[in-house]
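The structure appears below as structure tokens.
The values are calculated or read from the model by the stated rules, or taken from the named source; none is laboratory data. None of the values given here were measured: they were computed from a predicted structure. Please note: Cβ atoms are built from the backbone with ideal geometry, for glycine as well, and neighbour counts cover all protein chains shown. Only protein heavy atoms, including side chains, enter the accessible area calculation; ligands, DNA and RNA are left aside. Shrake-Rupley method; radii C 1.70, N 1.55, O 1.52, S 1.80 Å.
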Amino acid sequence: MKALEGVRILDFTHVQSGPTCTQLLAWFGADVIKVERPGVGDATRKQLVDVPGADSLYFTMLNHNKRSLTLNTKTPEGKGVLERLIRECDVLVENFAPGALDRMGFGWERVQELNPCMIMASVKGFGPGPYEDCKVYENVAQCAGGSASTTGFLDGPPLVTGAQIGDSGTGLHLALGIVTALYHREKSGRGQRILAPMQDGVLNLCRVKLRDQQRLAAGPLKEYSQYGENIPFGDATPRSGNDSGGGQPGRILKCKGWEEDPNAYTYFITQAAVWQKICDVIGKLEWKEDPDFTTPDARLPRLNEVFDAIEQWTMTKTKFEVMEICNPLDIPVGPILSMKELAEEPSLRETGTIVEVDHPERGKYLTVGCPVKLSDSPVDVARSPLLGEHTEEVLALLGYSEAEVASMREAGVI
């Protein structure tokens, strides 16, 4: 039995943040009914198309295990179908622009009238406040949530990260909120409204930077490289390059072949507990007794010297050799893996972290699998639905006759 078997999701999401959430729920066994505009569908179906005539990878990789229902909700008949869906479903998930559902006539109050047990979950760019009516996309969320201002190098501009922490990150937060509300409903018998602002989600993932903002009041952040370089700190958490975000200094260092391979690098952490072993590995035996290097506090002003010496050693090894040497010694390191290397990694296929899916229009493609593994509820990744593929199936579930379905199709309702 799937963990969320029996839970029905009315999916009014599009692009990335909402579909990330509903795909995760579908992986866990929920019946996700994705509502799309007839003849058009989710905008990402035709964005960044790489196979003519087929849905894009952007769409397919965010909409596995769902059913697609096409419905024109601007027509009276379409609104009637939507009312039935709300009565039959457990959760409505949407990431429309602010106020869109209210203009459709299906705001929270109306949804509660139709189904007091309904959980209504929304992704918005901002929570209540001066910007709550603004549209937000991935990079805007990263900038407004504190990620960009703390990413990059001190002498460069703010940077966004390749990880989709604004969209997919918020979708993951919303999924947790929905599961929590479902659990609460078991005790209360009532639905509730859930709001997951993208700014809030990004800020939640940037909590260590908010930690550092408060630590600035007590003096310079000594684990940041700029401390050892005698660069003054300002009044806001600075960009820290590839410095570790924790209490153990770390950096990205060159490995053998870095001149030709842009990913021939490793992340190396100088954990205090294994400092003696690090000195042995890199051939700096004298540092084991030198008071300028024996303690973490003594090393903080000299991090450039420390990591320069470590890099002289890592440049003689491949990133995988560094891992093979350091891991048995409990020295924390990790290779910089490219998307190509990840796609070809057998262990990720074996665990279902990366899966191959067959699609009737585009053929086989790789996608991410469920990142959370449940021992008694394994996840099967099924292909994304074709536009409107399950329209008749869903309408039959709602009690519409074949004649009624045919009439709605002729009228352009579905």
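Looking across segment 91-109, the residues that are under 23 Å from Asp31 (Cα atoms) and open to solvent by less than 30 Å² (accessible area, probe 1.4 Å) come down to Val91, Leu92, Val93, Glu94, Asn95, Leu101, Phe106, Gly107.
So which residues in segment 251-266 are charged (D, E, K, R) and either at positive phi or free of Cβ contacts under 8 Å to residues at least 12 places away in the same chain (or both), if there are any at all? Lay out the reasoning, then the answer.
Residues of segment 251-266 that are charged (D, E, K, R), as a first pass: 251, 254, 256, 259-261.
Across segment 251-266, the qualifying residues are Glu259, Glu260, Asp261.
If we scan segment 278-298, do we find a residue that is touching a strand residue (DSSP E or B) at 6+ places or on another chain (Cβ under 7 Å), aliphatic (A, V, I, L, M) and at negative phi? No, there is no match, as no residue in segment 278-298 is touching a strand residue (DSSP E or B) at 6+ places or on another chain (Cβ under 7 Å), aliphatic (A, V, I, L, M) and at negative phi. Taken as a whole, the structure places Ala309 among residues that are free of Cβ contacts under 8 Å to residues at least 40 places away in the same chain, under 16 Å from Thr266 (Cβ atoms) and assigned to a helix (DSSP H, G or I). Count of segment 255-280 residues, restricted to those that are within 16 Å of Arg299 (Cβ to Cβ) and either aliphatic (A, V, I, L, M) or assigned to a strand (DSSP E or B) (or both), is 6. Kindly evaluate Ala121 against the criterion of being within 22 Å of Leu176 (Cβ to Cβ), in contact with a helix residue (DSSP H, G or I) (Cβ under 9 Å, 6 or more places away or on another chain) and part of a helix (DSSP H, G or I). No, not satisfied. Within segment 343-357, the set of residues being open to solvent by 50 Å² or more (accessible area, probe 1.4 Å) and either assigned to a loop (DSSP other than H, G, I, E, B) or of a type in the set (A, V, I, L, M) (or both) comprises Glu344, Glu345, Thr351. The residues listed here are Asp212, Asp235; of these, the one that is in contact (Cβ under 8 Å) with a residue 12 or more places away in the chain, over 30 Å from Thr318 (Cα atoms) and either within 28 Å of the chain's Cα centre (by Cα) or surrounded by 16 or more Cβ atoms within 10 Å (Cβ to Cβ) (or both) is Asp212.
Please tell me if Val35 is in a loop (DSSP other than H, G, I, E, B) and within 27 Å of His359 (Cα to Cα). So Val35 fails the test. The single residue among Lys79, Lys135, Lys124 that is under 20 Å from the mean Cα position of the chain (by Cα) and surrounded by fewer than 21 Cβ atoms within 10 Å (Cβ to Cβ) turns out to be Lys135.
Run Glu324 past the list (1) open to solvent by 30 Å² or more (accessible area, probe 1.4 Å); (2) assigned to a loop (DSSP other than H, G, I, E, B) and report the number of the one that doesn't hold. For Glu324, the exception is condition (2). The number of residues in segment 300-321 that are open to solvent by less than 30 Å² (accessible area, probe 1.4 Å) and modelled with pLDDT under 95 comes to 2.
Among the residues making up segment 384-414, those that are among the small types (Gly, Ala, Ser) and buried (at least 17 other Cβ atoms within 10 Å of the Cβ) are Ser384, Gly388. Of the residues making up segment 60-70, just one is under 15 Å from the mean Cα position of the chain (by Cα) and surrounded by fewer than 24 Cβ atoms within 10 Å (Cβ to Cβ), namely Met61.
Rundown of residues vs (1) more than 28 Å from Glu88 (Cα to Cα); (2) in contact with a Phe, Trp or Tyr (Cβ under 7 Å, 6 or more places away or on another chain); (3) polar (S, T, N, Q), yes/no style:
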{"site": "Val355", "(1), (2), (3)": "yes, no, no"}
{"site": "Lys364", "(1), (2), (3)": "yes, no, no"}
{"site": "Thr367", "(1), (2), (3)": "yes, no, yes"}
{"site": "Ser377", "(1), (2), (3)": "no, yes, yes"}
{"site": "Asp380", "(1), (2), (3)": "no, no, no"}
{"site": "Leu386", "(1), (2), (3)": "no, no, no"}
{"site": "Leu395", "(1), (2), (3)": "no, no, no"}
{"site": "Gly399", "(1), (2), (3)": "no, no, no"}
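For segment 358-381, taking the residues that are among the basic types (Lys, Arg) and within 27 Å of Pro52 (Cβ to Cβ), the one that is most open to solvent (accessible area, probe 1.4 Å) is identified as Lys364. Only residues that are within 21 Å of Asp11 (Cβ to Cβ), in contact (Cβ under 8 Å) with a residue 40 or more places away in the chain, open to solvent by 10 Å² or more (accessible area, probe 1.4 Å) and touching a helix residue (DSSP H, G or I) at 6+ places or on another chain (Cβ under 7 Å) were counted across segment 139-190, and they come to 4.
Condition check ((1) open to solvent by less than 40 Å² (accessible area, probe 1.4 Å); (2) in a helix (DSSP H, G or I); (3) not aromatic (Phe, Trp, Tyr)) across all residues:
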| residue | (1), (2), (3) |
| --- | --- |
| Ala3 | no, no, yes |
| Gly6 | no, no, yes |
| Leu10 | yes, no, yes |
| Val15 | yes, no, yes |
| Cys21 | yes, yes, yes |
| Leu25 | yes, yes, yes |
| Gly29 | yes, no, yes |
| Leu48 | no, no, yes |
| Tyr58 | no, yes, no |
